[in-house]
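Everything below concerns the one structure shown next.
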Amino acid sequence: MEEKKPLAADMKHYYDQFMDLMQYAEKTIPGYANAFIEFVKQGEKDGVLSTKTKELISIALSVNSHCVFCISYHTKNAIMVGATKNEIMEAALVAGIMGGGPAVAYLRYVIDACEQFGAK
(Lines give C-alpha, C1' and ligand atoms only; values in the text may rest on other atoms or scores of the structure.)
Protein backbone atom coordinates (compact mmCIF):
# COMPACT_ATOMS: atom_id res chain seq x y z
CA MET A 1 0.00 0.00 0.00
CA GLU A 2 1.43 3.34 -1.06
CA GLU A 3 1.84 5.84 1.74
CA LYS A 4 0.12 9.16 1.09
CA LYS A 5 2.53 12.08 1.35
CA PRO A 6 1.57 15.00 3.57
CA LEU A 7 0.36 18.18 1.93
CA ALA A 8 2.79 21.06 1.58
CA ALA A 9 0.20 23.42 2.98
CA ASP A 10 -3.34 23.59 4.23
CA MET A 11 -4.69 25.76 1.43
CA LYS A 12 -8.14 25.98 3.01
CA HIS A 13 -6.40 27.56 6.00
CA TYR A 14 -4.67 30.13 3.72
CA TYR A 15 -8.02 30.90 2.09
CA ASP A 16 -9.67 31.34 5.49
CA GLN A 17 -6.79 33.53 6.69
CA PHE A 18 -7.21 35.79 3.66
CA MET A 19 -10.95 36.08 4.23
CA ASP A 20 -10.32 36.82 7.94
CA LEU A 21 -7.87 39.54 6.89
CA MET A 22 -10.54 41.08 4.67
CA GLN A 23 -13.02 41.07 7.59
CA TYR A 24 -10.42 42.67 9.88
CA ALA A 25 -9.56 45.30 7.27
CA GLU A 26 -13.24 46.08 6.78
CA LYS A 27 -13.72 46.62 10.53
CA THR A 28 -10.55 48.72 10.77
CA ILE A 29 -11.17 50.83 7.68
CA PRO A 30 -14.83 50.52 6.70
CA GLY A 31 -15.27 50.19 2.96
CA TYR A 32 -11.69 49.13 2.20
CA ALA A 33 -12.13 45.36 1.98
CA ASN A 34 -15.50 45.61 0.26
CA ALA A 35 -13.98 47.95 -2.33
CA PHE A 36 -11.01 45.62 -2.83
CA ILE A 37 -13.20 42.53 -3.30
CA GLU A 38 -15.46 44.47 -5.69
CA PHE A 39 -12.35 45.58 -7.64
CA VAL A 40 -11.32 41.93 -8.00
CA LYS A 41 -14.85 40.91 -9.06
CA GLN A 42 -15.00 43.68 -11.67
CA GLY A 43 -11.61 42.72 -13.06
CA GLU A 44 -12.53 39.05 -13.32
CA LYS A 45 -16.13 39.25 -14.53
CA ASP A 46 -17.06 37.92 -17.96
CA GLY A 47 -16.05 40.19 -20.78
CA VAL A 48 -14.05 39.48 -23.91
CA LEU A 49 -12.30 36.93 -21.69
CA SER A 50 -14.40 34.64 -19.54
CA THR A 51 -14.24 34.69 -15.75
CA LYS A 52 -12.69 31.21 -15.91
CA THR A 53 -9.92 32.42 -18.21
CA LYS A 54 -9.25 35.40 -15.94
CA GLU A 55 -9.07 33.14 -12.87
CA LEU A 56 -6.58 30.91 -14.69
CA ILE A 57 -4.49 33.98 -15.53
CA SER A 58 -4.70 35.02 -11.87
CA ILE A 59 -3.41 31.59 -10.82
CA ALA A 60 -0.36 31.98 -13.08
CA LEU A 61 0.25 35.48 -11.72
CA SER A 62 -0.16 34.20 -8.16
CA VAL A 63 2.41 31.47 -8.72
CA ASN A 64 4.84 33.91 -10.30
CA SER A 65 4.28 36.31 -7.37
CA HIS A 66 4.88 33.52 -4.83
CA CYS A 67 1.62 34.39 -3.05
CA VAL A 68 0.17 31.34 -1.32
CA PHE A 69 -2.89 33.33 -0.22
CA CYS A 70 -3.53 34.35 -3.84
CA ILE A 71 -3.02 30.79 -5.09
CA SER A 72 -5.64 29.51 -2.62
CA TYR A 73 -8.13 32.29 -3.45
CA HIS A 74 -7.87 32.08 -7.24
CA THR A 75 -7.66 28.30 -7.41
CA LYS A 76 -10.85 27.99 -5.36
CA ASN A 77 -12.56 30.60 -7.55
CA ALA A 78 -11.37 28.91 -10.75
CA ILE A 79 -12.84 25.60 -9.60
CA MET A 80 -16.11 27.34 -8.71
CA VAL A 81 -16.43 28.66 -12.28
CA GLY A 82 -15.68 25.26 -13.84
CA ALA A 83 -11.92 25.09 -14.31
CA THR A 84 -10.53 21.56 -14.27
CA LYS A 85 -7.38 20.39 -12.50
CA ASN A 86 -5.64 20.08 -15.88
CA GLU A 87 -6.59 23.63 -16.89
CA ILE A 88 -5.43 24.98 -13.53
CA MET A 89 -2.14 23.10 -13.70
CA GLU A 90 -1.49 24.18 -17.28
CA ALA A 91 -2.09 27.81 -16.33
CA ALA A 92 0.21 27.46 -13.34
CA LEU A 93 2.91 25.87 -15.46
CA VAL A 94 2.96 28.98 -17.65
CA ALA A 95 4.23 30.87 -14.59
CA GLY A 96 7.41 28.78 -14.78
CA ILE A 97 8.18 30.32 -18.16
CA MET A 98 8.43 33.78 -16.66
CA GLY A 99 9.34 32.94 -13.07
CA GLY A 100 11.76 30.04 -13.48
CA GLY A 101 12.58 27.63 -10.67
CA PRO A 102 11.16 29.69 -7.80
CA ALA A 103 7.77 29.88 -9.54
CA VAL A 104 7.85 26.18 -10.41
CA ALA A 105 8.39 25.39 -6.70
CA TYR A 106 5.07 27.11 -5.93
CA LEU A 107 3.22 24.60 -8.12
CA ARG A 108 3.14 22.42 -4.99
CA TYR A 109 0.61 24.86 -3.52
CA VAL A 110 -1.51 24.74 -6.66
CA ILE A 111 -1.59 20.94 -6.49
CA ASP A 112 -2.62 21.07 -2.83
CA ALA A 113 -5.31 23.69 -3.56
CA CYS A 114 -6.70 21.56 -6.39
CA GLU A 115 -6.90 18.54 -4.10
CA GLN A 116 -8.39 20.43 -1.16
CA PHE A 117 -10.94 22.42 -3.15
CA GLY A 118 -12.06 19.42 -5.22
CA ALA A 119 -10.78 20.13 -8.73
CA LYS A 120 -11.85 17.43 -11.18
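The values are calculated or read from the model by the stated rules, or taken from the named source; none is laboratory data. It should be emphasised that the depicted structure is a prediction, and the values quoted were computed from it without experimental measurement. Don't worry about glycine lacking a Cβ; one is built from the backbone with ideal geometry, like all the others, and counts go over all protein chains shown.
Scanning the range 43-81 for residues that are aliphatic (A, V, I, L, M), under 17 Å from Ala119 (Cα atoms) and in contact (Cβ under 8 Å) with a residue 24 or more places away in the chain turns up Leu56, Ile57, Ile59, Ala60, Ile71, Ala78, Ile79, Val81. Whether a residue is modelled with pLDDT under 95 and among the β-branched types (Val, Ile, Thr) was assessed, and Ile37 passes this test.
There is no residue in the range 33-41 that is in contact (Cβ under 8 Å) with a residue 24 or more places away in the chain and not basic (Lys, Arg).
Only one of the listed residues (Ala35, Ala103) is touching a helix residue (DSSP H, G or I) at 6+ places or on another chain (Cβ under 8 Å) and not in a loop (DSSP other than H, G, I, E, B). That residue is Ala103.
Within the option set Ala113, Ala119, Ala8, being touching a residue at least 60 places away in the same chain (Cβ under 8 Å), touching a helix residue (DSSP H, G or I) at 6+ places or on another chain (Cβ under 9 Å) and not in a helix (DSSP H, G or I) holds for one residue only, Ala8.
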